[in-house]
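J.: Input: one structure, supplied below.
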Amino acid sequence: MDKENKLKHIRNFSIIAHIDHGKSTLADRMLEITHTIEVRKMRDQVLDSMDLERERGITIKMQPVRMEYDLEGENYILNLIDTPGHIDFSYEVSRALKAVEGSILLIDSTQGVQAQTLTTLAMAREGGKEGGKKIIPVLSKIDSPLSRVDEVKEEVVKLLDCDPSEILLVSGRTGEGVENLLKEVVKRIPAPKETYLGENMLRALVFDFKYSNHRGVIVFVRVLDGKVKKGDTLLFAVSGEKFTALEVGTFSPEETPRDFLSSGDTGYIVTGIKKPGIASVGDTITMLKNPLPAYPGYMQPMPVVWASVFPEDADDFAELKLALGKLKLSDSAFSYEEEASGSLGKGFRCGFLGMLHLEIITERLKREFNLKLVITTPSITYEVVNKNGKREKIYSPYFFPDDGNLEAVYEPWVNLKIITPVEYIGNIMQLLFDHEGEIGETDNFGDNRSSVSVKIPLRELMRNFFDELKSTTSGYGSISYEIGEMREAFVTRLDLLVADEVVPAFSRVVSKKRAEQEAEEAVNKLADLLPRQMFTLKVQGKALGRIISSRTLSGMKKDVTQHMYGGDITRKMKLREKQKKGKKRMKEAGRVNIPQDVFLKMMRTGDKK
C-alpha cells in the first residue's frame, strides 16, 4: 500500500469524558465488534490494566489500542486512545489530544454535561484551532431507566452549537449504537496528514510511557512525520537523551512488534533506558543524525499538592528510595526529594498533581513494593516573605516559619467551575462562603441546571471541598478547576503536640480565623485515635504562638497491691507511693509510639477511630 493510500485509511481518535461516564465500557464494545480481542479473552474494562483502575472503576493510565475495521469493502485502521477522566490527569489528556485528529465526547445521558466535560472539551477545541480536530458528541447509557436523552441532547446542542442529528446514542453495556459510532468515526474524523520533511527525518510525539524491568522505558508515540524502525538511533528533543530503538510496534491491545512505524501510526518504541527523568509526556522523539525541534506546547507538569512519605521501619529507607525511583520511570508527573525529620527519621518530600494522584502513588508503593508508610498531612506550596525580606517557597508545613518571623505569605488560588441542579444553588453559596470562595457569574445551563464560576484558595479546595460539594448537592454537583494567580494569605502553622513533643507529620497550615476550630477538631480526633499509654499525657494544638487546644489522656491503671491480703496498711501505702514516683519518671522521659494507622486516619478527613 502506498503512503498516501495508507494515510487515507487511518483514523486516530480518543474518547474524552467526565470520570465514570462509561469510556472504558464503550471501548470494550469497540474491541468486540472489530474482533481485536478474542471472545474468550474478553473481560470488563479490558483496557484498564491496573488492579487499582478495575477496583475503583476509573481510568488512571492512558491506554492506546489499534483496531482494524472493514467498512464497505475498505479496511481501516482505527487508533483509539482511552484517556483518564479525572482532573488530576488533565495535562496527559491534553497531550493525547495532540496525538489524534478527532475525539468522541462521551456524555452520560443519566447525568448530563458535567464540569470536567467542559474542561476536556475546551482542551479538544484548543487542539482544533491548530488542525481542525473533529468532535463527535455521543450520549452513553441510553439503556438505563434513568436516561434523559432529550434533555441532555438540548444541553449538548447548546454546548457545541451543533445540529441534534449529529449527536449519536450508544449503550456500552448492551452494545446498541456502537457499530454505527464506528462508521461515523470513519466518516467524520479526518485522515492524518504528513508534512514531508525529507529523507531520514522523524517527529514522534510522546503521549505516555511505562517501565519494564527487562526492556527499560517504553514510550507511547504518535508518529507525526517520517518513519522509525528497530535499530534507529533516536533522540528525546527536550531531555536531550539519545538511545537506540530496541523494538517498535503497535497495541492490539497487547504490544505487537512491527517492522516500522510511519506517519499517522500510533505505537510504542522500546528505549532500553533504565534511569528516571528522561522520558516525559509531551516530549518529541527525533533522529539523532537529523534532529528536529520539539513539537510545540510542551510543558513540565507542576505538582500542586505536597506530602512527605516516610518508611514505618527506618531500615526500609533504601527500599522506599528504590520504589520511588521505579515509579518515577513510569510516571514523570510526580517528583520526590530526600528530607529528614527528628521524630520520623529519613524520608522523601513528594509532589503530586492532586489528591487522587497522591492516593494512587502511595497505594502503589504499598501494593507493588509491600512497604509500610507514614504519610504526612498533604499541603500546598506557599511563598513566604520573612522579616529580613528573604522570599522562599515552603513545601512542607513543618518548615513553615513562626508568625513572629513572617512579613507576608502568598498562596495559589484556583478558578473553579461548578455545574449543579438549580435547587442546590443556595446550599452551594453557603459552602463557598465557608471555604473563602469568591463567586463570579452564574449561567443557566440546559434544563434546570446552573454553572457557577468561583475563585477559591487551593488550600480550601483540599479541605474536603469535593466531598462536601457531593454531599450538599446529593451527588449531582460536578467540578473542574485550573490553577490561577498567587494572592496574599492569612494563614498560620498548626502543630500537634503529644506528651509535649511536636509530631511533624501532623503539622498543617490553616486559616488564622479557623485556627482554634481546626486545633480543637484535630486534637479531639488524635486523642480518640491514640492507644492508651502507661502514663497520663496531653494532646495539644499550638498555633499563633500559644497552646489553643488541649486534652488530657489518663494512663492505664494497675492495682499494685492486689496480691496483698491483710497486714499493716503502711505496706500498701509504700507500694502506691513507689508506683506514683515511677509514673512521674515515665511521664518525664516517656515517648509515645504512634501506630501507622493513626497517621493514615489523621490524613483522611472522614476517618474516625
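J.: Computing the accessible area with a 1.4 Å probe over protein heavy atoms, can you report the carbon and sulfur percentage for region 386-462?
T.: On the way: 1680 of 3630 Å².
Taking all protein chains in place, region 386-462 shows 46 percent carbon and sulfur surface.
J.: Using a/c under 1.5 as the rounded threshold, could you call region 465-526 rounded, prolate or oblate? The axes a ≥ b ≥ c are square roots of the C-alpha gyration tensor eigenvalues, and prolate needs a/b larger than b/c, oblate otherwise. Mind dumping the intermediate values first?
T.: Details: a/c = 2.72, a/b = 1.59, b/c = 1.71.
Oblate.
J.: Given a 1.4 angstrom probe, I'd like the percentage of the accessible area of region 226-304 that is carbon and sulfur, rounded to a whole number. Walk me through the intermediate numbers first.
T.: Working: 1960 of 3450 Å².
That fraction is 57 percent.
J.: How do 358-370, 379-391 rank on mean C-beta neighbours within 10 Å, highest first?
T.: On the way: 358-370: 17.5, 379-391: 15.0.
Descending packing order for the listed peptides: 358-370, 379-391.
J.: Could you report region 388-436's accessible area per residue, 1.4 Å probe, as an integer in Å²?
T.: Details: 2430 Å² over 49 residues.
Normalised by residue count, the accessible surface of region 388-436 is 50 Å².
J.: Using a probe of 1.4 angstrom, how much of the accessible area of region 305-373 is carbon and sulfur, in percent?
T.: Values: 1280 of 2700 Å².
Roughly 47 percent, rounded to a whole number.
J.: Hey, what do the phi angles of region 363-376 turn into as Karplus ³J(HN,Hα) couplings, whole Hz, using 6.51/-1.76/1.60 and θ = phi - 60°, x for Gly and Pro?
T.: Running phi through 6.51 cos²θ - 1.76 cosθ + 1.60 with θ = phi - 60° gives 5, 5, 4, 6, 6, 7, 10, 6, 9, 9, 10, 10, 10, 6 Hz.
J.: Moving on to the next point. When the Karplus curve 6.51 cos²θ - 1.76 cosθ + 1.60 is applied with θ = phi - 60°, which whole-Hz ³J(HN,Hα) does each residue of region 160-169 get, with x for Gly and Pro?
T.: Going residue by residue, I get 9, 6, 10, 7, x, 5, 6, 7, 9, 10 Hz, with x marking Gly and Pro.
J.: Taking the DSSP beta bridges in region 194-342 as the whole, what percent of them are antiparallel, to the nearest 5?
T.: Numbers: 32 of 32 bridges.
In region 194-342, approximately 100 percent of DSSP beta bridges are antiparallel ones.
J.: Here is a follow-up. Fully extended, how many nm does the chain gain between L322 and F260 (0.36 nm per residue separation, minus their Cα-Cα distance)?
T.: Between L322 and F260, full extension yields an extra 18.9 nm.
J.: If you take the square roots of the eigenvalues of the alpha-carbon gyration tensor of region 193-292 and sort them as a ≥ b ≥ c, do you get rounded (a/c under 1.5), prolate (a/b over b/c) or oblate? Write down the numbers at each step before the final one.
T.: On the way: a/c = 1.61, a/b = 1.20, b/c = 1.33.
Oblate is the answer for region 193-292, as a/c is 1.5 or above yet b/c matches or exceeds a/b.
J.: Which entries in the list K210/K242; K326/K455; K134/K470; K134/K417 go over 27 Å, if you measure between the two C-alpha atoms of each? Before the final figure, lay out each step's value.
T.: Values: K210/K242 18 Å; K326/K455 37 Å; K134/K470 33 Å; K134/K417 25 Å.
The answer is K326/K455; K134/K470.
J.: Rounded to the nearest 0.05, what FRET efficiency is calculated for S550 and F433 with R0 set to 45 Å and r the Cβ-Cβ distance?
T.: Details: r = 30 Å, r/R0 = 0.66.
Here the calculated transfer efficiency is 0.90.
J.: Which shape class, rounded, prolate or oblate, goes with region 365-485 when its Cα gyration tensor gives a ≥ b ≥ c as root eigenvalues, a/c under 1.5 marks rounded, and past that a/b bigger than b/c marks prolate? If you can, show how the numbers build up before the last one.
T.: Details: a/c = 2.90, a/b = 1.50, b/c = 1.94.
Taking the square roots of the gyration eigenvalues as a ≥ b ≥ c, region 365-485 is oblate.
J.: Further question: Check which residues have an amide H placed less than 5 Å from L292's amide H, if you skip close sequence neighbours.
T.: The answer is M287.
J.: Rolling a 1.4 Å sphere over the protein heavy atoms, what is the accessible area per residue of region 171-251, to the nearest Å²? Provide the component values of the computation, followed by the final result.
T.: Details: 3510 Å² over 81 residues.
Spelled out: the 1.4 Å probe surface of region 171-251, per residue, equals 43 Å².
J.: Further, regarding this structure: Amide H of K346: which non-local residues (sequence gap of 5 or more, or other chain) have their own amide H closer than 5 Å, using H built in the peptide plane?
T.: Sorted by chain and number, the residues that satisfy this are S341.
J.: Between N75 and N386, what FRET efficiency comes out of the Förster formula 1/(1 + (r/R0)^6) with R0 = 51 Å and r the beta carbon distance, rounded to 0.05?
T.: Values: r = 67 Å, r/R0 = 1.32.
The calculated FRET efficiency here is 0.15.
J.: Counting only residues 5 or more places away or on other chains, whose amide H sits under 5 Å from the amide H of I548 once H atoms are built in the peptide plane?
T.: G541, K542, A543
J.: Among DSSP beta bridges lying fully in region 91-234, give the percent that are antiparallel, nearest 5.
T.: Details: 10 of 19 bridges.
The antiparallel proportion sits near 55 percent.
The values are calculated or read from the model by the stated rules, or taken from the named source; none is laboratory data. Everything numeric here is computed off the predicted structure, so don't read it as measured data. Note that we place each Cβ from the backbone using ideal geometry, even for glycine, and neighbour counts take in every protein chain shown. When the accessible area is computed, the model is the full protein with side chains, heavy atoms only, and any ligands, DNA or RNA have been set aside. Shrake-Rupley method; radii C 1.70, N 1.55, O 1.52, S 1.80 Å.
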